[in-house]
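Enquirer: What follows is a single structure, and I will ask about it in a moment.
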Amino acid sequence: MKYMLLINSSSEGPAEEVEGASFDDWLAYDKMVRDAGIHVSGHSLADLTTATTVRVAPDGQRTITTDGPFAETREVLGGYYVLDVPDLDAALDWAARCPGSRGGGSVVVRPVAEFDI
Amino acid sequence: MTDGRAATAVEAVFREERGRLLAALVRRFGDLDLAEEVTAEAMEAALVHWPVDGVPPNPGAWLATTARRKAVDRLRRDTAYAARLAILQVEAERAAPPAPEIGAGDDLPDERLLLFFTCGHPALPAEDRVALSLRCLAGLTTPEVARAFLVPVATMAKRIVRAKKKIREARIPFRVPDPDERPERLAGVLQVVYSIFTEGYVASSGCDLQRPDLAEEAIRLARILRRLLPAEQEVCGLLALMLLVHARRDARTGPGGGLVLLADQDRGRWDRTMIEEGLALVPVALTGGPVGPYGVQAAIAALHDEAADITTTDWPQIVALYDVLFALTPSPIVALNRAVAVAMRDGPQAGLALLEQLAEEPLLRDHHPYHVACADLLSRLGRKGEAAVAYRRALGLAGTEPERAHLRRKLSPE
């Protein structure tokens, strides 16, 4: 069963100072996930100031907006993993080990929807 | 038509067996909906067959065999469903040993523990955990659970459907947690049982006689848990606490349905049998390992139950136990209860001094028992004006009508 781990970081303060969330911790976590054979995909996202939003109205008119650079979002999606594990408990366990769940950050675990074809 | 006696036999057997049967089926087939469906069908079959053929010697085994056959039939008819469950099972078995076959022998393996942990899973909203536990483990129907919480049946049905959907789609596993996460998860399960118990008291102002007694249901669930986890001190502590508090139920309400406080209760109306049972459990809950919050609260309840009246109660010991409880769970509510016990031990002035230190606690600002405690101590010190202000504050916050009536009497004693 596939779960997406949405990694949100709190917008205040640099992550480096947080115990257990250093760059090395991220590398170690990423290696653990791959070595466990559960890694489906995952990326970390560039800074929120680089984000652009697209909306298309019923008449086909495009609206392109940007939230940055002074977005008042408290939590920012900073990256994700898709993991293939047996059940929610296993997914929650991996989320708890993720450096992104520390230091005011959070990891939201969402099952990937499966459709019968 | 079914005959009344067989129907009653089915109901009695069923209420006892339902949780057990459901848990065994969930363990075997890995699907709560299927398990509930075939459990209900087995029950219907019993209502048809038992009046004609007589109640079988082992009704539980009969229901299990029937339910299992119906599940197998259902899976034969619906191959897509069967394929989905097969995948689930292969994955589940990566983590746990395969489920034993059921229905063959006389003894249905008791798998209710995993159902307790699934129903009390932290990924479910707290109110859903309570509803699901009552339905799956206490054997209450959805309308019964709804009546117990004084909510419309449709609301409760929606809640249960939502919880089951999350279990199914987010794949909350049916398993007993590993030892390393066990203490935390067990605390969650005990919290579900205890909140069912306290809800039974909070909502006791309702007048629906058909309403299942939530306090009794909570005690029943704790008894099941105690059988399943005999070595867990906190399970024992929770059962003891609930028995020792529930033993006072008849003395809590006066002739007009009004609330009677512990100090004024007719202790002759306390349930001695229940007290004895609770008292016997307290030492078990307090020995063998570190004590937990339920064990300590049970010990406090035991001291109240053993005392002839409020003045001969062992207040120094109660204060000492509140110190232990505060060290385990440092909450302002515990500090409030401790202050009240200190007032009984050292006099109202000492208690009031402690209460005044808690005045800024956000949790207590709108907590009516805090203002009642302040008012009572002020009144005992003869500070009537300040006492009246505190009683009025409490009156504006109190939940149930008996509580409000009690406060109104305090405000105008004549």
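Enquirer: On the given criteria, is B:Ala12 surrounded by fewer than 19 Cβ atoms within 10 Å (Cβ to Cβ), among the aliphatic types (A, V, I, L, M), at pLDDT below 90 and closer than 20 Å to B:Leu134 by Cβ? Spell out how you get there, then give the answer.
Expert: Details: surrounded by fewer than 19 Cβ atoms within 10 Å (Cβ to Cβ): yes; among the aliphatic types (A, V, I, L, M): yes; at pLDDT below 90: yes; closer than 20 Å to B:Leu134 by Cβ: yes.
So B:Ala12 passes the test.
Enquirer: Here's another thing I want to ask about it. Filter the stretch B:45-70 down to residues that are in a loop (DSSP other than H, G, I, E, B) and over 17 Å from B:Arg20 (Cα atoms), then give me how many there are.
Expert: Number satisfying all stated conditions: 4.
Enquirer: Conditions: (1) of a type in the set (Ser, Thr, Tyr); (2) at pLDDT 90 or above; (3) touching a Lys or Arg at 6+ places or on another chain (Cβ under 8 Å). B:Tyr81 meets all but one. Number of the miss?
Expert: Just one mismatch for B:Tyr81, condition (2).
Enquirer: Among the candidates B:Ile196, B:Ile219, B:Ile172, which residue alone is modelled with pLDDT of 90 or more and under 30 Å from A:Pro86 (Cα atoms)?
Expert: B:Ile172
Enquirer: Next up: What are the residues in the stretch B:30-71 that are of a type in the set (A, V, I, L, M, F, W, C) and in contact (Cβ under 8 Å) with a residue 60 or more places away in the chain, if any?
Expert: Result: B:Leu32, single match.
Enquirer: Of all helices (runs of 4 or more DSSP H) completely enclosed by the stretch B:318-414, which ones contain at least 3 residues that are in contact with a strand residue (DSSP E or B) (Cβ under 7 Å, 6 or more places away or on another chain) and within 30 Å of B:Gly256 (Cβ to Cβ)?
Expert: In the stretch B:318-414, the matching helices (runs of 4 or more DSSP H) lie at B:401-411.
Enquirer: Testing B:Glu360 on (1) in contact (Cβ under 8 Å) with a residue 12 or more places away in the chain; (2) of a type in the set (Asp, Glu); (3) surrounded by fewer than 18 Cβ atoms within 10 Å (Cβ to Cβ), one condition comes back false. Which one is that?
Expert: For B:Glu360, the exception is condition (1).
Enquirer: Confirm whether B:Pro177 is modelled with pLDDT under 85 and under 25 Å from B:Leu114 (Cβ atoms).
Expert: No, not satisfied.
Enquirer: Please find, within the stretch B:71-80, the residue that is nearest to B:Arg28 (Cα to Cα) out of those that are more than 14 Å from chain A (Cβ to nearest Cβ) and surrounded by fewer than 20 Cβ atoms within 10 Å (Cβ to Cβ). Give the derivation first.
Expert: Of all residues in the stretch B:71-80, those more than 14 Å from chain A (Cβ to nearest Cβ) come to B:71-77.
Add one more test, that the residue is surrounded by fewer than 20 Cβ atoms within 10 Å (Cβ to Cβ), and what stays is B:72-77.
Working: B:Val72: 11, B:Asp73: 15, B:Arg74: 14, B:Leu75: 13, B:Arg76: 16, B:Arg77: 18 Å.
Out of the qualifying residues, it is B:Val72.
Enquirer: Filter the stretch B:227-243 down to residues that are part of a helix (DSSP H, G or I) and at pLDDT below 95 and give me whichever is nearest to B:Arg112 (Cα to Cα).
Expert: Step by step, filter the stretch B:227-243, then rank; the result is B:Leu228.
Enquirer: Right, something else. Six or more apart or on different chains, Cβ atoms under 6 Å: show the pairs whose first residue is in the stretch B:227-254 and touching a residue at least 24 places away in the same chain (Cβ under 8 Å) and whose second is acidic (Asp, Glu) and in a helix (DSSP H, G or I).
Expert: Matching pairs, first to second residue: B:Leu243/B:Glu277; B:Leu244/B:Asp305.
Enquirer: Being at the interface with another protein chain (Cβ under 10 Å from one of its Cβ atoms) and either part of a loop (DSSP other than H, G, I, E, B) or surrounded by 15 or more Cβ atoms within 10 Å (Cβ to Cβ) (or both) is the filter here, so list the residues in the stretch B:169-179 that pass it.
Expert: Of everything in the stretch B:169-179, those that are at the interface with another protein chain (Cβ under 10 Å from one of its Cβ atoms) and either part of a loop (DSSP other than H, G, I, E, B) or surrounded by 15 or more Cβ atoms within 10 Å (Cβ to Cβ) (or both) turn out to be B:Ala170, B:Arg171, B:Ile172, B:Pro173, B:Phe174, B:Arg175, B:Pro177, B:Asp178.
The values are calculated or read from the model by the stated rules, or taken from the named source; none is laboratory data. It should be emphasised that the depicted structure is a prediction, and the values quoted were computed from it without experimental measurement. Here Cβ is always computed from backbone atoms with ideal geometry, including for glycine, and neighbour counts include all displayed protein chains.
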